[in-house]
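The values are calculated or read from the model by the stated rules, or taken from the named source; none is laboratory data. All values derive from a computational prediction rather than experimental measurement. As a convention, Cβ positions derive from the backbone with ideal geometry for all residues, glycine included, and neighbour counts pool all protein chains shown. For accessibility, only protein heavy atoms count, side chains too; no ligands or nucleic acids. Shrake-Rupley method; radii C 1.70, N 1.55, O 1.52, S 1.80 Å.
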Amino acid sequence: MAEAQLAATLGEFGVLVGGDTRRTGSTFEVRSPYDRSLLALVHNAGPEEIEQAIAGAAGAFEATRTLPSWKRSA
């Protein structure tokens, strides 16, 4: 992809896992439905990123499950 073409888009977005943004080897383009212009480049989450996200969510659940909702929202 030409750098100038990417510069005119919203940007490049990685996979968010555990508060960290990661770039993977696999990406897809998000295009405008009106003129098919490139809007963004998004990285795909692979099996490793998915497993890490699930493990992080399970850990967060265990850490916050007994807290009242007002404390969880803080």
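Some notes on this structure:
- Residues of region 29-47 that are exposed (fewer than 12 other Cβ atoms within 10 Å of the Cβ) and of a type outside the set (S, T, N, Q): Pro33, Tyr34, Asp35, Arg36, Pro47.
- Residue satisfying all of: in region 12-28; within 29 Å of Arg72 (Cα to Cα) and of a type outside the set (Gly, Ala, Ser); surrounded by the fewest Cβ atoms within 10 Å (Cβ to Cβ) among these: Asp20
- Where Thr9 falls short, out of the listed (1) at pLDDT below 90; (2) under 20 Å from Ala57 (Cα atoms); (3) surrounded by 10 or more Cβ atoms within 10 Å (Cβ to Cβ): (2)
- Taking region 48-74 as the range and being acidic (Asp, Glu) and open to solvent by 60 Å² or more (accessible area, probe 1.4 Å) as the test, the residues that pass are Glu48, Glu51, Glu62.
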